[in-house]
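S.K.: Here it is, the structure, as structure tokens.
The values are calculated or read from the model by the stated rules, or taken from the named source; none is laboratory data. Fair warning: this is a prediction, and the values are worked out from it, not measured in the lab. As a convention, Cβ positions derive from the backbone with ideal geometry for all residues, glycine included, and neighbour counts pool all protein chains shown. Keep in mind that these areas ignore ligands, DNA and RNA; they rest on the heavy atoms of the full protein, side chains included. Shrake-Rupley method; radii C 1.70, N 1.55, O 1.52, S 1.80 Å.
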Amino acid sequence: MNPGFTGSPLDRADRVRNDAEAYGALLGDWRARILGLNGLDPLLASEGGLLWHSIAELTGSEELILLGLSDGKPHFVPLVEADGGMFRSPAIWRALTMLPAEDAAIYGTARSLIEWHNSHRFCGKCGSVTEMFRAGWGRKCGNCGKEHFPRTDPVVIMLAEYEGRALLGRQSRFPPGNYSALAGFLEPGESIEEAVRREIHEEAGVTCGAVRYVTSQPWPFGGAQLMIACVADAKDDAITLDTDELEDAMWVTKEEAQAALANEEGRRFNAPPPFAIAHSLLKHWVTA
Ligand SMILES: [Zn+2]
């Protein structure tokens with residue numbers, strides 16, 4: 001199982017982030033590659049994959065974030081002023097189905113960093129202007145000196161399981177027929193297991209016991225999230241829907257999930273796309 005947005009081939013090269021001389025050499029490297037973006041959407045090369053520019057195509061006024069090194073070649077993304085919002089544009093959805101997995105991982109990192117910079121232009125402690133440092137992996141306040149670092153928000157995403165069936169739900173914004181695993185942000189003071197049990201109970205009224213970790217993947221939409229996929233043992237199958245969160249929830253069999261993953265004619269529901277962790281989680285569950 002290779003969850004979406006994982007498998008970047010780039011060496012993150014943390015060692016050069018605080019080394020002004022080494023970083024200066026990377027900025028002056030004519031082999032440097034610059035990620036092509038349209039706003040926050042990726043630009044695709046004609047042969048497929050991400051489009052990279054040469055450093056000669058820059059105007060010189062760009063602020064660059066070091067994504068990492070590949071064969072010694074530095075890969076940067078320019079900081080653009082753009083707000084991706086919580087959800088994906090239709091163009092992104094199409095691009096993601098075409099991007100090789102390792103390119104999606106590079107793109108996800110770049111997008112999350114850009115959104116982080118744009119929402120941390122002012123110091124959270126004193127309100128003054130912050131400036132990029134550490135090769136784009138931090139911002140520093142010009143007034144109080146506080147250093148700010150990119151964060152990732154943990155999200156639990158899970159299947160409740162009861163007598164061989166799994167609980168799926170749909171939000172009203174989903175395309176017709178689409179169902180996915182329930183999900184929600186971890187709250188301060190919660191363990192992964194507690195967040196899984198709380199979210200399932202809040203959204204579907206189902207009480208769960210044991211929780212098993214399955215896998216994780218980054219999710220670069222609406223900031224930087226880490227999706228933590230789990231399966232939880234439900235104590236009963238009576239659903240009490242929170243209609244603010246979900247439009248519908250249902251228990252599905254492994255055969256029904258298999259048919260959805262394979263896009264079979266007559267399937268009961270449409271499965272999430274392969275780059276979403278709910279897809280990997282369902283796939284794990286039907287074969288477990
Ligand atoms: Zn400050």
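S.K.: Enter the accessible area per residue of the range 128-177 (Å², integer; probe 1.4 Å; all protein chains in place). Before the final figure, lay out the partial values.
M.R.: Details: 2410 Å² over 50 residues.
It amounts to 48 Å² per residue over the range 128-177.
S.K.: Same structure again: Provide V286, V252 ordered by accessible surface of protein heavy atoms (probe 1.4 Å), highest first. Numbers along the way, then the final one.
M.R.: Details: V286 25, V252 0 Å².
Highest to lowest solvent-accessible surface, that is V286, V252.
S.K.: Among the lysines, which fall within straight-line cross-link reach of K254, defined as a Cα-Cα distance under 29 Å, with same-chain neighbours fewer than 8 residues apart omitted?
M.R.: Cα-Cα hits under 29 Å: K235, K283.
S.K.: Can you give the calculated 222 nm mean residue ellipticity of the chain, where each DSSP H run of n ≥ 4 adds -39,500 (n - 2.57) and the sum is split over every residue, rounded to the nearest 500 deg cm²/dmol? Mind dumping the intermediate values first?
M.R.: Working: 7 runs with 71 residues, N = 288.
Mean residue ellipticity, 222 nm, calculated: -7500 deg cm²/dmol.
S.K.: Relative contact order of the chain: what whole-number percent is it, with Cα pairs under 8 angstrom and at least 6 residues apart?
M.R.: On the way: 559 pairs, mean separation 51.8, N = 288.
It comes to 18 percent, rounded to a whole number.
S.K.: Would you please name the GluC sites (Glu not before Pro) within the range 1-61 that are DSSP coil residues with at most 16 other C-beta atoms within 10 Å of their C-beta?
M.R.: Loop-located and lightly packed - E47.
S.K.: Also, quick follow-up: Taking Cα pairs under 8 Å and at least six residues apart, what relative contact order does the range 148-281 come out at, in percent? Present the calculation step by step, with values, prior to reporting the outcome.
M.R.: Working: 271 pairs, mean separation 42.2, N = 134.
Relative contact order comes out at 32 percent.
S.K.: While we're here: Less than 15 Å apart at the alpha-carbon level, and either on another chain or at least 8 residues along: which aspartates and glutamates does that give for K146?
M.R.: Once the sequence-local aspartates and glutamates are set aside, what remains near K146 is E131.
S.K.: Quote the relative contact order of the range 5-120 in percent (integer), defining contacts as alpha-carbon pairs under 8 Å separated by 6+ residues.
M.R.: Values: 156 pairs, mean separation 39.8, N = 116.
Once normalised by length, the contact order is 34 percent.
S.K.: Work out how much length T152 to S119 would gain on full extension: take 0.36 nm times their residue separation and subtract the Cα-Cα distance, in nm to one decimal. Don't jump to the answer; show the numbers that get you there.
M.R.: Numbers: separation 33, 0.36 × 33 = 11.88 nm, distance 1.33 nm.
Gain on stretching T152 to S119: 10.5 nm.
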